[in-house]
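Here the structure comes first, spelled out in structure tokens, and everything after it is commentary.
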Amino acid sequence: MSTKAAAGHASVLSDNATTVGALLLLKAFASGCSALTGVEAIANAVPAFRVPRVKRAQGAEVALGAVLGVMLIGLSVLISRFHLQPVDGVTVLAQLADASFGRNWAFYVIQFATMILLALSANTSFGGLPVLLKLLARDNYLPHVFALKADRQVHLHGVLALAAVSTALVVFSGGDTNTLVPLFAIGVFVGFTIAQVGMVRHWYIGRRTGGREEHGSRWPGKALLNGFGALLTGISAVVVTATKFEEGAWLIVIALPLLVVAFETVHGAYGRIGDRLGLGRIPEHPHRDRSVVIVPVSSISRLTSEALTTASSLGDEVRAVTVCHPDPEDRAALHCLERSWTEWDPGVPLVRLTSERRSLGRPIAAYVRDVMAAAPATRVTVLIPETEPERLWQRLLQNQRGAVVAHAVRRETDAVICRLRFRLF
């Protein structure tokens with residue numbers, strides 16, 4: 001081999017070694033950053049802190065960063081000192097405890113404490129993500145149900161959604177942490193990058209408000225710091241995604257765009273709803289319209305009396321309606337009902353609705369449409385009386401007539417639906 005060829009070969013080897021070294025450095029950097037994930041839980045849970053929330057959250061963030069830094073440096077020093085190497089089936093922490101204390105009670109205490117800490121660490125997402133879902137719901141990027149709190153002051157729907165997704169991921173991955181950890185790390189890094197870019201935009205756009213300095217003269221340094229953080233976390237996200245793509249990272253590549261599309265779809269839907277409701281605009285003054293209350297009945301009972309009494313309190317005119325089918329047995333029952341109605345004389349007319357089919361909801365919905373068409377300025381309310389049994393299982397004994405009527409009227413008309421509950425206990 002000539003001297004020139006040898007020099008070229010050495011140059012190629014040097015370039016390859018430099019490339020491999022850079023890739024190893026980036027992978028080590030990304031893996032080290034993934035150990036710092038969890039600090040975002042404090043940022044997401046700022047609204048949960050006591051006043052002053054920002055200062056308390058900042059103090060907690062600094063304390064957490066200091067603890068993590070000391071632990072990582074200490075573990076790195078000890079691992080280097082004992083010359084530990086990865087071993088299948090044995091964690092590095094277990095090897096470190098074995099090398100430091102031996103197989104005595106201290107070793108098992110550390111293993112047990114590690115297990116407890118890992119179990120408790122699963123609570124981090126359940127503490128932070130429901131709050132984040134609440135913020136997204138408040139800004140109309142998620143259904144508003146995620147902003148509701150349960151009796152114990154927790155965002156129940158966010159917790160249930162996270163539990164369902166977590167269960168699906170565990171089943172999908174077969175409980176393999178080597179698959180789940182990269183997914184978590186990529187999601188966190190992407191979130192960190194977006195947050196840091198948002199802070200850069202915040203410092204830049206909000207540097208002046210009304211001609212006066214809002215962020216002071218130090219805003220360029222703050223923007224530079226956040227921009228540098230966005231660069232580092234963005235590199236980590238790219239490196240982890242590239243190195244773990246075939247091991248499950250592809251799922252994040254697909255899921256993140258779908259989540260963005262879902263958020264924008266929900267936001268657009270809430271925007272259209274807000275325009276239709278006139279949110280943010282002063283509506284016209286309320287006024288009183290003539291009202292008609294329609295009460296479906298099938299027999300005379302205390303429930304019928306309560307329904308007519310309530311309807312008389314709600315509207316100017318009350319009409320009781322009953323559906324009749326061509327079946328001879330039904331016709332006989334209708335004649336009996338009309339005779340009893342005349343004897344009872346509640347002061348409310350009974351309207352007979354004939355249906356050729358054995359349908360209950362559609363004839364009532366059609367009658368409601370006719371009433372609304374005959375008097376467009378009249379407010380029509382359909383009052384559906386229902387019984388509420390003493391025991392939950394006794395609801396299986398009900399005929400669900402009220403639900404059928406309510407569904408048909410809601411689907412085919414714009415009438416107000418009122419379901420009157422009559423307690424049997």
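Values quoted throughout were computed directly from the atomic coordinates according to the rules given, and no laboratory measurement underlies them. Values in this document were obtained by computation on a predicted structure and should not be read as measured data. Note that each Cβ is placed from the backbone with ideal geometry, even for glycine, and that neighbours are counted across all protein chains shown.
Any idea what angle helix 177-205 forms with the longest principal axis of the chain, computed on alpha-carbon atoms, 0 to 90 degrees, nearest 10? The angle comes out at about 90 degrees. When you restrict to C-alpha pairs under 8 Å that are six or more residues apart and normalise by the size of segment 291-423, the relative contact order lands at 29 percent.
For the residues 398, 58, 196, a GNM of the chain with alpha-carbon springs under 10 Å puts the largest fluctuation on 398.
Electrostatic bookkeeping for residue 325 treats Lys and Arg as +1 and Asp and Glu as -1; over the other residues with beta carbon under 14 Å from its beta carbon, the sum is +2.
Between 0 and 90 degrees, the angle of helix 302-314 with respect to the longest Cα principal axis of the chain falls at about 80 degrees. Below 8 Å, C-alpha to C-alpha, sequence gap of six or more: please give me the relative contact order for the chain in percent. Relative contact order for the chain comes out at 11 percent. Candidate cross-link partners of residue 244 among the aspartates and glutamates, defined by an alpha-carbon separation under 17 Å and a same-chain spacing of 8 or more, comprise 176.
Of the trypsin sites (Lys or Arg not before Pro) in segment 334-373, the ones in a loop by DSSP (not H, G, I, E or B) with at most 11 other beta carbons within 10 Å are 357, 358. Against the chain, whose longest principal axis comes from its Cα atoms, helix 53-82 is set at around 40 degrees.
For residue 55, no aspartates and glutamates have a Cα falling under 14 Å of its own Cα, not counting residues fewer than eight places away in the same chain.
Entry note, the chain: the mean residue ellipticity at 222 nm calculated from DSSP H runs of n ≥ 4, each adding -39500 (n - 2.57), is -21500 deg cm²/dmol after division by the residues and rounding to the nearest 500. Estimated from the Cβ-Cβ distance and a Förster radius of 45 angstrom, the FRET efficiency linking residue 412 and residue 122 is about 0.40. Using equal-weight Cα scatterers in the Debye expression, the normalised intensity of segment 264-348 in log10 at q = 0.15, 0.22 Å⁻¹ is -0.70, -1.05.
The candidate values are (1) 22.0, 69; (2) 21.1, 69; (3) 34.1, 122; the one derived from this structure for Rg and Dmax of the Cα atoms in Å carries the label (3). Annotation: extensible slack from residue 167 through residue 272 equals 34.4 nm (criterion: 0.36 nm per residue apart, minus Cα-Cα distance).
Sorting the segments 261-274, 240-253 by their mean number of nearby beta carbons within 10 angstrom, highest to lowest, gives 240-253, 261-274. Say we join alpha carbon atoms closer than 10 Å with springs in a Gaussian network model of the chain; which of 121, 340, 166 then has the biggest fluctuation? The residue with the greatest mean-square fluctuation here is 340.
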